[in-house]
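Presented below is the structure to which this report refers.
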Amino acid sequence: MQWCTIDLHLHTPASSDYQQPDVTFIDILHRAEMRGLAIISFTDHNTIAGYRGMQEEIEQLELLEKLKRILPEEQARLTEYRRLLHKILVLPGFEFTATFGFHILGVFSPSKPVRDIEHMLLDLGIPPDQLDEGSATIGASSDVLTVYRAINEAGGLAIAAHANSNNGVAMRGFPLGGQTRIAYTQNAHLHALEVTDLENKSKHSTATFFNGTKPEYPRRMHCIQGSDAHRLTSDPARKKNLGVGDRPTDVLLPEVSFEALRELFVSNDFARTRPHRQSAEPAFDFIRAAQEEGVNIVQDFHESMTVRGGKRYAIIADACALANTNGGTLFIGIADDPRKPIPGVPDAEQSLGQLEKELLNRISPPPQVSLDVHETSGKKIIVVLVTRGSDPPYAVDDNKVYVRSEAETVLAVRDEIVGLVLRGLDAKQPEMQPDSLRLQTSEPVPQLPILAEHEPAETAPRTGVEIMEVENRADERYYTMRDLRNNNVVKNVTRKSARRLWHYAITAFDKLPADPAQGHIQWQGKFGLISGQKQGNITRYDLIEKEAGKYRYYFGVTEDGIHGPWKRLVGQDDE
């Protein structure tokens with residue numbers, strides 16, 4: 001495995017808006033060599049003419065060489081092409097303009113015939129007489145999802161270009177509905193998001209937003225950066241106008257090939273991608289970056305993996321929970337607190353083999369996991385990647401089913417297990433599900449007089465829990481809870497059986513007055529703030545919503561779950 005620097009978004013003079021039309025293909029390759037790039041892609045607007053032009057030039061030179069009619073300067077150019085193309089892998093591609101003006105990169109193997117790519121562009125609606133125009137304004141005839149599918153099914157890489165910026169599918173301020181934005185960034189045919197803020201460590205960065213923790217964006221996305229170079233070198237007058245290799249990405253590959261690159265982007269391995277740093281800058285440490293994020297629904301940390309004290313079992317339970325939930329990453333040999341020293345894992349390679357064997361033997365069915373040893377601060381760390389399972393429920397020792405509840409691994413209760421079974425049936429043979437199993441765990445339930453009708457509300461927060469119903473039976477109170485992240489309903493929860501967040505919600509709910517109007521609640525219209533508490537880096541809110549004279553109660557809502565009117569209520573900026 002070796003780290004390779006890539007720039008998959010380069011234009012050539014075949015793009016009509018290229019700013020230096022006298023630049024040659026060899027000039028671009030020379031600049032790529034100077035910037036240390038191992039893989040590049042020519043992605044001109046709605047055309048493959050740039051890559052085809054380079055191929056035709058080389059073929060012409062080789063023909064002259066074969067006929068022994070080549071001039072010395074032509075021979076020198078052909079020799080230089082051969083040297084550069086032996087050192088740099090150049091991939092054919094295009095930047096397609098889809099409906100709404102969104103830009104999508106299609107990147108292909110060098111073995112893909114140029115004619116096949118041209119036929120694809122024609123099928124996507126590029127007019128035949130404009131196939132070589134290289135204009136960003138041509139296109140907009142095919143919708144985003146159709147383009148993703150066409151690129152993927154042709155064996156290419158579908159990448160949302162500058163997704164968080166102008167003409168990007170995740171750009172801010174564009175009036176798209178929520179479901180459309182989710183589809184455009186979570187589609188199974190999309191391999192990666194190209195972003196312009198990959199090195200931004202803010203909680204509002206694009207990569208952080210698509211790291212799998214957001215309830216409505218549960219698929220973690222590979223995020224890369226590209227130069228989108230429309231010139232050879234950066235424009236000194238406009239710093240954002242980049243040149244070749246000015247904003248590249250590093251990827252860890254077993255070999256420099258398109259096949260290895262595609263395998264990375266279809267995998268669940270997010271440790272093999274990082275923003276490129278110049279040699280004078282410290283290398284990007286993804287383990288430390290994850291540690292700064294802390295424990296969440298898709299990642300956790302374990303200082304050791306000893307059998308004593310149940311530490312190894314805790315890792316196995318976490319892996320089972322991640323397979324049953326959204327997938328994720330476990331870091332072994334490091335605490336979640338950046339201030340604590342890193343113990344590392346002694347005999348990491350041997351320990352990795354033992355852990356992998358136990359994960360596959362003790363979890364049934366065997367989950368899809370990948371284990372690697374990485375180094376941070378001079379210590380060896382085992383990184384376990386767990387893919388969201390397609391055959392749930394997954395169980396430890398055949399009978400213990402774990403799920404991930406925000407930053408906690410817990411035993412699944414009956415209603416959650418039913419939901420996992422239904423998900424597994426859905427994935428296998430949805431048409432063969434017996435009618436008796438066609439249930440929704442979020443079905444309406446009877447309500448207390450003080451509570452509203454309990455279909456999931458569009459205005460409800462997207463994390464935390466909602467207490468839907470309370471019932472007294474033989475001096476015991478039983479609560480019906482809704483997980484606001486996935487709308488799963490769990491019935492018959494008691495104080496004794498409640499997991500951490502549920503227990504907190506029950507305690508806070510029972511302290512509220514029967515009439516919320518008498519409590520100390522901050523109201524904005526029908527939305528109310530009961531309290532907000534900061535715990536470490538996380539702020540949790542208890543909220544209330546008035547609906548037709550009745551109330552809905554939401555507890556333990558994190559910032560990820562705050563949206564719309566709730567943002568104004570708690571004083572968050574509307575990012």
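Selection within the stretch 82-104: residues that are among the charged types (D, E, K, R) and part of a helix (DSSP H, G or I). The member of this set that is nearest to Ala163 (Cα to Cα) is Lys87.
The residue of the stretch 234-268 that is farthest from the chain's Cα centre (by Cα), among those that are among the charged types (D, E, K, R) and surrounded by 16 or more Cβ atoms within 10 Å (Cβ to Cβ), is Asp246. Assess whether Leu261 counts as being hydrophobic (A, V, I, L, M, F, W, C), touching a Lys or Arg at 6+ places or on another chain (Cβ under 7 Å) and either modelled with pLDDT of 95 or more or closer than 26 Å to Ile40 by Cβ (or both). No: the conditions fail for Leu261. If you check Thr43, Thr24 for being within 34 Å of the chain's Cα centre (by Cα), at pLDDT 95 or above, of a type outside the set (Lys, Arg) and within 15 Å of His230 (Cα to Cα), only one passes: Thr43.
A quick yes/no check of all residues on (1) under 26 Å from the mean Cα position of the chain (by Cα); (2) in the same structural domain as Thr213 (by TED's automatic domain parsing); (3) basic (Lys, Arg); (4) assigned to a strand (DSSP E or B):
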residue	(1), (2), (3), (4)
Val470	no, no, no, yes
Val490	no, no, no, yes
His520	no, no, no, no
Gln533	no, no, no, yes
Gly556	yes, no, no, yes
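Looking only at the stretch 437-468, filter to residues that are of a type in the set (Val, Ile, Thr) and assigned to a loop (DSSP other than H, G, I, E, B); which one of those is modelled with the highest pLDDT? Selected residue: Thr463.
For Ile138, the stated conditions hold: it is modelled with pLDDT under 95, crowded, with 20+ Cβ neighbours inside 10 Å, more than 24 Å from the chain's Cα centre (by Cα) and assigned to a loop (DSSP other than H, G, I, E, B).
Criterion applied to Ala163, Ala150 was being touching a Leu at 6+ places or on another chain (Cβ under 8 Å), assigned to a helix (DSSP H, G or I) and closer than 21 Å to Phe42 by Cβ, and the one residue passing it is Ala150. On the stretch given as the stretch 9-30, residues that are in contact with a Phe, Trp or Tyr (Cβ under 9 Å, 6 or more places away or on another chain) and either farther than 13 Å from Phe42 by Cα or polar (S, T, N, Q) (or both) total 1.
Looking at (1) in the same structural domain as Ser202 (by TED's automatic domain parsing); (2) surrounded by 15 or more Cβ atoms within 10 Å (Cβ to Cβ); (3) at pLDDT 95 or above, which is the one condition that is false for Ala271? The failed condition is (3).
Gly528 satisfies every condition listed in (1) surrounded by fewer than 14 Cβ atoms within 10 Å (Cβ to Cβ); (2) farther than 30 Å from Arg423 by Cβ; (3) touching a residue at least 40 places away in the same chain (Cβ under 8 Å) except (1). Evaluation of Val489 against the conditions (1) farther than 24 Å from Glu458 by Cα; (2) β-branched (Val, Ile, Thr); (3) surrounded by 18 or more Cβ atoms within 10 Å (Cβ to Cβ) shows that the sole unmet condition is (1). A single entry from Gly532, Gly571, Gly561 fulfils the requirement of being within 18 Å of Ser405 (Cβ to Cβ) and not hydrophobic (A, V, I, L, M, F, W, C): Gly561. Evaluate the following for Glu80: is it assigned by TED's automatic domain parsing to the domain that holds Ser227 and either buried (at least 24 other Cβ atoms within 10 Å of the Cβ) or farther than 22 Å from Asp7 by Cα (or both)? So Glu80 fails the test.
Consider only pairs whose beta carbons are under 7 Å apart and that are at least six residues apart or on different chains; among these, list those whose first residue lies in the stretch 378-395 and is of a type in the set (Ser, Thr, Tyr) and at pLDDT below 95 and whose second residue is part of a loop (DSSP other than H, G, I, E, B) and buried (at least 21 other Cβ atoms within 10 Å of the Cβ). The qualifying pairs are Thr387/Gly327. If you go through the stretch 177-233 and keep only what is within 15 Å of the chain's Cα centre (by Cα), in a loop (DSSP other than H, G, I, E, B) and of a type in the set (Gly, Ala, Ser), you end up with Ala188, Ser205, Gly212.
In the stretch 13-43, of all residues being among the β-branched types (Val, Ile, Thr) and crowded, with 17+ Cβ neighbours inside 10 Å, the one that is nearest to Gly243 (Cα to Cα) corresponds to Ile28. If you take the residues in the stretch 141-188 that are closer than 26 Å to Ser109 by Cα and among the β-branched types (Val, Ile, Thr), which one is surrounded by the most Cβ atoms within 10 Å (Cβ to Cβ)? Among those that are closer than 26 Å to Ser109 by Cα and among the β-branched types (Val, Ile, Thr), it is Ile159. Among the residues in the stretch 315-331, are any over 16 Å from Arg220 (Cβ atoms), assigned to a loop (DSSP other than H, G, I, E, B) and not assigned by TED's automatic domain parsing to the domain that holds Ser205? There is no residue in the stretch 315-331 that is over 16 Å from Arg220 (Cβ atoms), assigned to a loop (DSSP other than H, G, I, E, B) and not assigned by TED's automatic domain parsing to the domain that holds Ser205. If you go through the stretch 343-380 and keep only what is in a helix (DSSP H, G or I), of a type in the set (Gly, Ala, Ser) and more than 23 Å from Gln291 (Cβ to Cβ), you end up with just Gly353.
The values are calculated or read from the model by the stated rules, or taken from the named source; none is laboratory data. Note that the coordinates shown come from a computational prediction; the quantities given were computed from them, not determined experimentally. Reconstructed Cβ throughout: ideal geometry from the backbone, glycine too, with neighbour counts over all protein chains shown.
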